[in-house]
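In what follows, a single structure is set out as structure tokens and then discussed.
What follows is calculated from the coordinates using simple rules that are stated; it is not laboratory data. Everything numeric here is computed off the predicted structure, so don't read it as measured data. Glycine also receives a Cβ, built like all others from the backbone with ideal geometry; neighbour counts cover every protein chain displayed.
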Amino acid sequence: MGNFYLTTAIDYANGHPHIGHAYEKVLADVICRTKRLQDYTVHFLTGLDEHGQKVEQTAKERNITPQALCDSVAKEFIDMCGSLNISYDDYIRTTQTRHKTVVRDILQKLFNQGDIYKAEYTGFYSMRVERFLQEKDKVDGIWPKSEFGEVTEITEINYFFKLKEHKQWLIDYVTAHEDFIFPKFRAKQVLEFLKEDINDLCISRPKDRLSWGIELPFDSKYVTYVWFDALINYISAVGYGADNFSKYWPVDYHVIGKDILVPAHSIYWPIMLHALDLPMPKTLLAHGWWLCSGEKMSKSIGNVVDPLDYAKQFGTDAFRYFVIREMNVGQDSNFSHELFISRYNNDLGNDLGNLISRCINMLQRYGDGTIPAASKFETLEQELIDLWNRTRLQVLDAYNQLQFHSALEDIFTFIRAINKFLENRAPWKLAKSNDIEDREHLHGTLIVCSEAIRLAATILAPILPTTSQKILAIFRIDRIEWGKQLEWDNRRLSGVQITTDAMILFPRIA
């Protein structure tokens, strides 16, 4: 099918993993798994942003080196990815030589082109967001302290990237390319920002104020501004400047939180790429926030959710299922413990888990653990087959449209239909009969139920990878594939001896 490149925002080394980080990685992972199962050659990049004033200050407060701080934070984020079964292909750290070399090369190139100049500047600086602020950042005439922290006026000689001369180009590009920003309504936010004047971007910090950064190749008294440095990782990781760079660039999806869409990823980054004469990312995917009782989660409020606690207590797949089921990609969503438990018990425990236990039990009791050959099929069987054929098309389309919550709704409608089919067929009654036709119906029930479960587990694999593997292992399937494996085939499992006597996938939570 070709190559597919996905990037996430690289996490900042001055914090710890929280639900926003976890959701972003799970969402990106689900997208990549759907593409792999559609036979794309996927390259999934995530990583850590390690430079900047906040990192240097925190390291100083802890009496350790900035690199030691970054190493410890990197381990936290890598461990989180492991705990959540994130199938990334590359983890980049902005202190790596491969990245720093590319940053310096790009700085020199832009400087040689005349896109970077030196000037004195007086402005108001926020250390919290590590950038100079503009009048448009004010709310009711002031810079919100909750967002920007302490704001101080600074006069400095620095280097600037010519941002504003590309403003009209960016307006035209965003307007002409409807798929550039997802969801589409966020393009209005970008265009609103561009309605007003934008300043050139200060891309340096003097070493007497900040030493933890990448030194400018044309002036050793300065280091690179952290945002300029960080935004380059998406091309440095796939070999900018090398012959194989075009194998994956431009990126297909760049997955970020909505709070960093403007200005960094939709203003600074596209203009930087444009100045380098590089193709634009195909889509900037800006996801929403997780809220608690309608408020954004924050440490100060005390409503922060630790994703690793949920994954450890209830299982990685249960956490993955919840965040993908509850969040309409691009919108905000509420996280509550009560809703999590409800989804766990009802969807995963009752609908899916009990179905698997019931199927195993029936195959053991009525078929000696062997799936019978296809037998008599009538209206009830055909209705379930027809429902799957519709469900398969709807789910694959929803996956490709990033409507994962809708895909899961369709899949679990199908799973509930399997349970209803069993209730209607009542194999426990058929097994008591000596009538030949009833025996044929019993065999048909067992094969149809097994095939339906196989199909549901196969299409659930991007979201519930471990659970899907466990279910398919019952039928001695050790490799998850799509294509023909998503087509109903009453003969596929015929004669298979199942591999387990019992399986409780999602123990009920009281």
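Under a model in which nothing but the beta-carbon of Lys, Arg (+1) and Asp, Glu (-1) is charged, region 214-279 shows a dipole of about 120 debye around its Cα centre. When the Cα positions of Tyr222, Phe182, Ile198 are compared along the charge dipole of region 180-245, Phe182 comes out farthest toward the positive end, with charges on each C-beta of Lys, Arg, Asp and Glu.
Sorting 449-456, 172-179 by average packing, meaning the other beta carbons within 10 Å per residue, from highest down gives 449-456, 172-179. Residue-normalised convex hull volume from the C-alpha trace of region 154-221: 145 Å³ per residue. Other residues with beta-carbon under 12 Å from the beta-carbon of Ile31 carry, at +1 per Lys or Arg and -1 per Asp or Glu, a net charge of +1.
Placing unit charges on the Cβ atoms of the charged side chains and taking the dipole of the chain about its Cα centre, the candidate lying farthest along the positive direction among Phe319, Phe377, Leu278 is Phe377. Averaging the sequence gap over all C-alpha pairs within less than 8 Å and six or more residues apart, then dividing by the number of residues, gives region 70-188 a relative contact order of 22 percent. For region 39-121, a simple Cβ point-charge model (Lys and Arg +1, Asp and Glu -1, everything else neutral) yields a dipole of about 340 debye relative to the Cα centre. Based on the alpha-carbon gyration tensor of region 426-510 and its eigenvalue square roots a ≥ b ≥ c, which shape applies: rounded if a/c is under 1.5, prolate if not and a/b is larger than b/c, or oblate? Note, shape of region 426-510 comes out oblate. What fraction of the DSSP beta bridges in the chain is antiparallel, stated in percent and rounded to the nearest 5? Antiparallel bridges make up about 50 percent of those DSSP assigns within the chain.
For region 26-93 versus region 405-481, the inter-centroid distance based on Cα atoms is 38 Å. Rounded to the nearest 20 debye, the dipole size of region 370-510 about its Cα centre is 380 debye, using +1 on the Cβ of Lys and Arg and -1 on the Cβ of Asp and Glu.
Multiplying the residue separation of Ser246 and Asp368 by 0.36 nm and removing their Cα-Cα distance gives an extension gain of 38.4 nm.
Quick one: if the Förster radius is 41 Å, what FRET efficiency do Glu120 and His274 give, using the C-beta to C-beta distance and rounding to 0.05? Efficiency, rounded to the nearest 0.05: 0.95. Between Glu147 and Glu76, the simple label model (points 7 Å from Cα in the Cβ direction) yields a spacing of 2.5 nm. Only sites in a loop by DSSP and with at most 14 other Cβ atoms within 10 Å count here; which GluC sites (Glu not before Pro) in region 337-399 make the cut? Within region 337-399, the qualifying GluC sites (Glu not before Pro) (loop, at most 14 other Cβ atoms within 10 Å) are Glu378.
Annotation: extensible slack from Gln382 through Lys195 equals 61.5 nm (criterion: 0.36 nm per residue apart, minus Cα-Cα distance).
Between the Cα long axis of helix 465-474 and the first principal axis of the chain there is an angle of about 20°, rounded to the nearest 10. Sorting the segments 490-503, 340-353 by their residues' average number of neighbouring beta-carbon atoms within 10 angstrom, most packed first, yields 340-353, 490-503. The calculated FRET efficiency for Asn63 paired with Lys484, based on their beta-carbon distance and R0 = 51 Å, is about 0.25.
Based on Cα atoms of region 424-467, Rg over Rh with Rh as the Kirkwood radius reads 1.21.
Global dimensions of region 336-486 from alpha-carbon coordinates: Rg and Dmax equal 15.8, 52 Å. Judged by the mean number of other Cβ atoms found within 10 Å, the most tightly packed of the peptides 205-214, 15-24 leads the ranking 15-24, 205-214.
Cα centroid separation, region 339-359 to region 115-130: 54 Å.
Put simply, the convex hull of the Cα atoms in the chain casts, on average, a shadow of 26.2 nm². Based on Cα contacts under 8 Å between residues 6+ apart, the chain shows a relative contact order of 15 percent.
The value of relative contact order for region 159-227, using C-alpha pairs under 8 Å at least six residues apart, is 33 percent.
Taking a straight Cα-Cα cut-off under 22 Å and skipping sequence neighbours fewer than 8 places away in the same chain, the lysines within cross-link reach of Lys429 are Lys376, Lys420.
Please name which of Gly495, Val251, Gln394 has its Cα lying farthest along the dipole of the chain towards the positive end, using unit charges on Cβ (Lys, Arg +1; Asp, Glu -1) and the Cα centre as origin. Checked the options; the winner is Gly495.
Between Thr499 and Glu423, full extension at 0.36 nm per residue minus the direct alpha carbon distance yields a gain of 24.9 nm.
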